[in-house]
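One structure is given below, encoded as structure tokens.
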């Protein structure tokens with residue numbers, strides 16, 4: 001499979017199965033476009049030369065055809081898919097758990113409009129995780145991690161700082177267990193910043209491998225979507241704290257994370273606003289919501305959103321040339337390394353390698369499934385009991401998803417989010433179409449940025 005597109009003055013050709021990316025001239029682009037992807041080996045050279053010689057010179061076209069043939073011979077263009085059989089034994093593999101999302105607090109001091117947890121309460125049940133439940137969760141992770149040494153633990157909510165002492169106690173317990181079991185815990189904290197103070201920052205800088213700071217961009221956008229329960233905005237309170245926190249972490253190992261909605265389809269302005277505030281690690285991503293919600297992104301929004309991604313990508317290229325870089329999470333792409341094939345095929349590992357833990361100790365495939373009893377996997381006392389659901393997630397991969405099979409982005413998005421697929425199609429192997437379209441656009445922009453950066457070297 002080959003995917004071709006033009007972006008910011010670059011003609012880009014992606015060979016999906018090999019991962020090869022070619023930045024080509026117009027004539028080569030047109031030659032490739034004329035080759036039937038179902039039978040690339042049998043293209044008619046004379047027909048291509050004849051068809052394009054009016055637009056370009058005959059010699060130029062012939063040279064381009066020769067270059068394309070060389071790429072085919074080198075197996076970097078129109079390569080065959082050899083990976084489908086690779087995933088046949090996924091279900092048979094032993095389950096190794098590598099990461100937990102600890103819902104340390106099902107409570108929150110904000111009332112964000114789009115919160116999938118219903119303002120931190122997760123379908124009406126407020127609770128704080130006890131140290132005992134958290135301890136059992138870490139013990140479960142260690143016991144089920146096999147030979148894997150590096151383990152991930154996310155402190156999530158709601159708002160984790162509403163249960164800060166338990167966070168600290170669990171980190172201390174984890175550090176004790178590292179020495180006993182030859183493990184290494186990588187802790188992460190997500191916070192809205194309301195309760196953030198110097199003591200918390202100091203602790204996080206010592207113990208948290210990453211921190212996620214929730215902010216939606218411009219003041220008017222942020223305060224509309226992320227107010228306090230009585231309606232006041234939170235922007236003015238959190239921004240100075242986040243700026244101080246980011247600097248204290250040397251502008252690394254954190255990111256400010258925002259959400260854009262139907263209300264701000266010009267979201268590139270929010271990304272650039274955050275960059276202008278001094279943040280170097282930025283993520284602003286589309287809301288996922290029921291179509292009936294007034295803030296939900298619609299198909300009608302897509303053309304403008306595509307333009308915004310293009311605008312943002314071009315601005316990032318411009319700033320790169322001026323030495324004023326920042327990272328945008330959804331444009332970060334590794335063309336030379338990145339995840340192994342197994343990971344590219346199977347995705348985030350939700351329901352198998354990665355689990356969410358409620359304050360009372362129930363296991364779910366990820367935070368977005370919490371509260372849906374159909375996906376209750378077990379608990380910290382008994383372990384995984386619903387192996388049938390776990391096996392469903394084991395078999396969730398790009399080849400199990402019909403729409404992914406024919407999609408150029410499949411080895412980059414790994415099939416997308418299972419929760420979004422389920423919520424919009426009723427099947428974890430389905431698709432969330434709007435999310436897919438946005439993801440494909442982000443990948444195109446990310447590759448273009450790499451091409452532009454290569455030109456600057």
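Coordinate-derived values only; no laboratory data. It should be emphasised that the depicted structure is a prediction, and the values quoted were computed from it without experimental measurement. Here Cβ is always computed from backbone atoms with ideal geometry, including for glycine, and neighbour counts include all displayed protein chains.
Residues of segment 382-410 falling in the label zone of residue 148, defined by backbone nitrogen less than 19 Å from a point 7 Å along Cα to beta-carbon, are 383-398. Label-to-label distance, residue 139 versus residue 300, with points set 7 angstrom from Cα along the beta-carbon direction: 5.6 nm.
Specify whether the C-alpha gyration tensor of segment 257-385 places it in the rounded, prolate or oblate class, a ≥ b ≥ c being the square roots of the eigenvalues: rounded for a/c under 1.5, otherwise prolate if a/b is larger than b/c and oblate if not. Prolate shape, in that a/c is at least 1.5 and a/b is the bigger ratio.
Between residue 209 and residue 178, the contour length at 0.36 nm per residue exceeds the alpha carbon distance by 9.6 nm. Size descriptors for segment 2-82 (Cα atoms only): Rg and Dmax, in that order, 12.1, 38 Å.
Label separation (residue 236 vs residue 38): 6.4 nm, computed from points 7 Å beyond Cα along the C-beta direction.
Please state the Cα pair-distance histogram of segment 330-431 with 5 angstrom bins from zero: what percent is in each bin? Histogram of Cα-Cα distances, whole percents per bin: 2, 13, 22, 23, 17, 12, 7, 3, 0.
Packing around the peptides 143-150, 197-204, taken as the average count of other Cβ atoms within 10 Å per residue, puts them in this order, highest first: 197-204, 143-150. Here the spin labels are modelled as points 7 Å beyond Cα on the Cα-Cβ line, and at residue 66 and residue 197 they lie 7.4 nm apart. Here the sum of -39500 (n - 2.57) over DSSP H runs of 4 or more residues, divided by the residues of the chain, equals -12000 deg cm²/dmol at 222 nm, to the nearest 500. Using C-alpha pairs under 8 Å with a sequence gap of at least 6, the mean separation divided by the residue count of the chain gives a relative contact order of 15 percent. When both bridge partners sit in the chain, DSSP labels roughly 40% of those beta bridges antiparallel. FRET efficiency for residue 51 and residue 8, Cβ-Cβ distance as r, R0 = 22 Å, nearest 0.05? It comes out at approximately 0.20. If R0 is taken as 30 Å, the Cβ-Cβ distance between residue 315 and residue 248 corresponds to a FRET efficiency of 0.65. Both radii come from the Cα set of segment 188-311: Rg as radius of gyration, Rh as Kirkwood radius; their ratio Rg/Rh reads 0.99. Once the C-beta distance of residue 169 and residue 116 is scaled by a Förster radius of 30 Å, the resulting FRET efficiency is 0.65 to the nearest 0.05.
Please list, in order, the residues from segment 43-70 whose amide nitrogen is less than 16 Å from a point placed 7 Å along the Cα→Cβ vector of residue 454. From segment 43-70, the list is 68.
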